[in-house]
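Contents: one structure, followed by commentary.
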Amino acid sequence: MAHRGVRPHKRGVSLSVAEPDLSPLDAAREILRRTFGHAEFRGLQADVIAEVLAGKSALAVLPTGGGKSLCYQIPALVRPGLGLVVSPLIALMTDQVAALVQSGVAAARLDSNIDLSERTEIWRRIERGELDLLYVSPEGLMQPYMLDRLARTPLSIIAIDEAHCVSQWGHDFRPEYRMLGRLAELFPAVPRLAVTATADAKTREDIRAELRLEGAAEYVASFARPELILSAERKRGNAAKRVVELVTARPGRSGVVYAGSRDKTESLAEALRGAGVPALAYHAGLEKGLRAKRLEDFLEADAAVMVATIAFGMGVDKPDVRFVIHADPPAAIEAYWQEVGRAGRDGEPAEGITLYGAADMAWALRRIGERDVDDGVKQVQGKKVRQLYAMLDGTTCRAAAVRRYFGEEGVEPCGQCDLCLGAVETVDMTVAAQKALSTAHRLGGRFGRGRLVDHLLGKTKDVSDWEAGLSTWGVGQELSATQWRDLTEQLLFEGLLKEDPNDGRPLVGLGEGEAVRAVFRGERRIGMRKPPEGAEARAGRSPRKGGAREAIAVSEADRPLFEALRAWRAAAAKAQHVPPYVIFHDRTLAEIAQVRPASRAALGRLNGVGEAKLAHYGAAVLEVVGGFIG
Ligand code: ADP
Ligand code: ZN
């Protein structure tokens with residue numbers, strides 16, 4: 001604490017609270033209240049912060065929206081020195097820095113977009129001890145020049161955000177993260193905190209080893225996201241049309257649609273705009289300025305739909321995203337949870353809807369096969385793909401399946417996903433499966449799915465004598481073409497059939513020999529999901545009956561004030577060129593509309609109203625409220 005006295009300007013608002021006799025954790029709680037306007041720590045926040053305040057390194061795995069950023073921001077404010085935050089994406093840094101500055105925290109970012117004069121100014125502030133938090137990219141941080149200057153700077157904490165990026169077992173591997181292991185020897189006295197929203201046991205092990213966190217305490221929160229309402233459906237027919245249907249059934253809400261290719265983001269966005277939805281495409285192929293502009297438009301909008309590749313996401317912390325739709329399935333359960341997790345960050349109900357098919361699975365497996373990595377890595381990644389599809393095409397609670405995947409025990413069904421609500425009925429299809437497998441065998445892997453189904457139904461066009469002479473020809477009259485297609489899909493998911501991509505005209509052949517034989521012997525039964533009655537209509541409906549939990553709860557009486565506050569916020573955000581939620585979240589505005597504070601003190605007691613925001617916006621908010629009192 002020695003140099004605190006010589007830096008009287010440091011952290012303007014919060015310095016005054018750091019009374020000498022407060023314990024570090026009490027000081028942290030004061031900052032939580034006064035700077036960030038939150039009443040209490042949430043979940044594991046207090047434990048993680050206490051560990052860092054004791055000068056120790058730690059690994060924290062908290063679900064998206066769990067409040068990871070405060071775990072390093074607050075120690076950076078309590079401990080003397082500059083807090084470094086390593087973050088993989090500029091968008092993430094920009095957003096966090098903007099939010100911190102709104103809360104009166106001295107924060108800045110150094111990245112390739114910062115010009116020389118700004119850079120010089122940032123270093124000047126660091127040298128004067130005026131800066132509390134500096135956001136940097138991993139490659140930026142590890143430049144010799146940077147390390148050299150930082151070696152002469154007292155540091156409070158080094159936070160490594162999105163730490164799972166260091167693991168090649170994960171889905172987001174970033175080689176530049178590997179360099180961060182050196183921080184252990186370069187800054188042995190500085191506590192390092194690795195945080196992530198997604199890491200199974202193996203990835204956590206990897207993070208520890210790579211980042212040299214061997215002795216560090218590990219905090220793993222529950223992966224439960226009770227606000228997320230999950231569903232998934234097999235692709236049928238025109239998938240783009242289905243996406244438009246799903247989105248237009250959710251008007252006036254913000255959402256993200258993930259698509260598998262750049263072209264597809266463009267065409268889907270266009271289809272959505274054609275249906276009157278304000279949709280934007282986003283992918284890595286866009287010119288940088290345009291990409292930034294679209295991101296900004298999305299963040300600043302009250303209701304907009306972003307159609308994006310996975311290039312969009314990490315660090316996109318728009319709290320009021322009400323749905324995430326995967327037009328194409330994600331890469332693994334980690335990616336699924338992270339991508340779906342971008343909905344409902346404000347804790348209000350939100351939906352995650354995934355469209356998937358056996359062809360997607362085959363494609364994912366093939367891509368892994370072609371990758372230039374060790375066989376061991378390929379095996380792990382292939383397994384992850386299968387686990388994802390087992391969850392998507394499964395028959396029991398999706399949320400529970402995800403949580404078990406992350407190692408949670410004693411998990412209860414969520415009670416609100418499509419599988420919990422519609423409890424998929426399964427029908428025994430072993431005999432039909434035997435017929436389909438024999439057909440694939442007899443046709444010798446030379447035909448596609450359509451031909452397989454036609455053969456079973458005895459409907460092959462211009463059938464040749466040899467085919468009509470096979471014992472399987474026309475043996476499948478008991479099922480419809482759709483049912484045979486579903487069963488074929490199921491057998492592909494189970495690995496009993498496999499598809500050879502054959503340059504876009506896939507051929508169906510028999511899958512794993514021993515498993516196939518077990519089906520023929522009747523030792524392995526095939527249960528097929530029976531789509532519940534009216535599944536089509538149901539999937540498009542709004543998530544909750546009565547809509548009570550559909551959005552932030554604002555009563556009819558409070559609605560006009562709430563809307564007036566939103567209008568004021570939109571103008572204030574526009575004037576400063578920041579997203580509205582960095583000023584106040586919807587939830588805070590709803591609370592203001594309900595409580596109708598008449599004084600600054602009363603306003604300051606509300607959740608999300610810290611001292612800096614009170615100073616900046618208190619008068620304006622009270623004026624808006626004043627128009628509705630009396
Ligand atoms: P993530 O873990 O996804 O990075 P953030 O740190 O962005 O989550 O926090 C998610 C949201 O929760 C933010 O809006 C933040 O203001 C809010 N939040 C964090 N901690 C608390 C708390 N202790 N009490 C109330 N809200 C909190
Ligand atoms: Zn469920």
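Every read-out reported here was derived from the displayed coordinates using simple, explicitly stated rules and does not represent laboratory data. Fair warning: this is a prediction, and the values are worked out from it, not measured in the lab. Because the Cβ atoms are built from the backbone with ideal geometry, glycine has one as well, and the counts that use them run over all protein chains shown.
Rg of the Cα atoms in segment 559-626, relative to 2.2 N^0.38 Å, amounts to 0.97.
Could you list, in their original order, any pairs among 235/384; 68/378; 241/530 whose Cα atoms are separated by more than 25 Å? Numbers along the way, then the final one.
On the way: 235/384 21 Å; 68/378 31 Å; 241/530 23 Å.
68/378, as the Cα separations exceed 25 Å there.
Taking 13 Å as the straight-line reach from the Cα of residue 459, the aspartates and glutamates in range (excluding those fewer than 8 positions away in the same chain) are 467. Per-residue packing, averaged as other Cβ atoms within 10 Å, sorts the ranges 349-357, 509-517 into the order 349-357, 509-517, beginning with the highest. What the Cβ-Cβ distance of residue 127 and residue 42 gives, at R0 = 45 Å and to the nearest 0.05, is a FRET efficiency of 0.80. Look at the alpha carbon pairs under 8 Å that are at least 6 residues apart: their mean separation over the length of segment 228-405 gives a relative contact order of 27 percent.
Kindly rank 148-154, 319-325 from highest to lowest mean number of other beta carbons found within 10 Å of each residue.
Values: 148-154: 13.0, 319-325: 23.3.
The packing order, highest mean first, is 319-325, 148-154.
Each peptide in 241-250, 29-38, 134-143, 332-341 receives the mean, over its residues, of other Cβ atoms within 10 Å, and ordering these scores from highest gives 332-341, 29-38, 134-143, 241-250.
Each residue of segment 494-508 was assigned a 3J(HN,Hα) from its phi angle through the Karplus expression (A = 6.51, B = -1.76, C = 1.60, θ = phi - 60°), giving 7, x, 7, 10, 9, 10, 8, x, 6, 6, x, 10, x, 10, 9 Hz with x at Gly and Pro.
DSSP finds beta bridges in the chain, and of those with both partners inside it, around 15 percent are antiparallel.
Positive-end ranking of 61, 243, 429 along the dipole of the chain, with charges on Cβ about the Cα centre, is headed by 243. The relative contact order of the chain, computed from alpha carbon pairs under 8 Å that lie at least 6 residues apart in sequence, is 14 percent. Amide H contacts of residue 325 (H built 1.01 Å from N, in plane; Pro and chain starts excluded): 256, 257, 258, 353 sit under 5 Å, all sequence-distant by 5 or more or on other chains.
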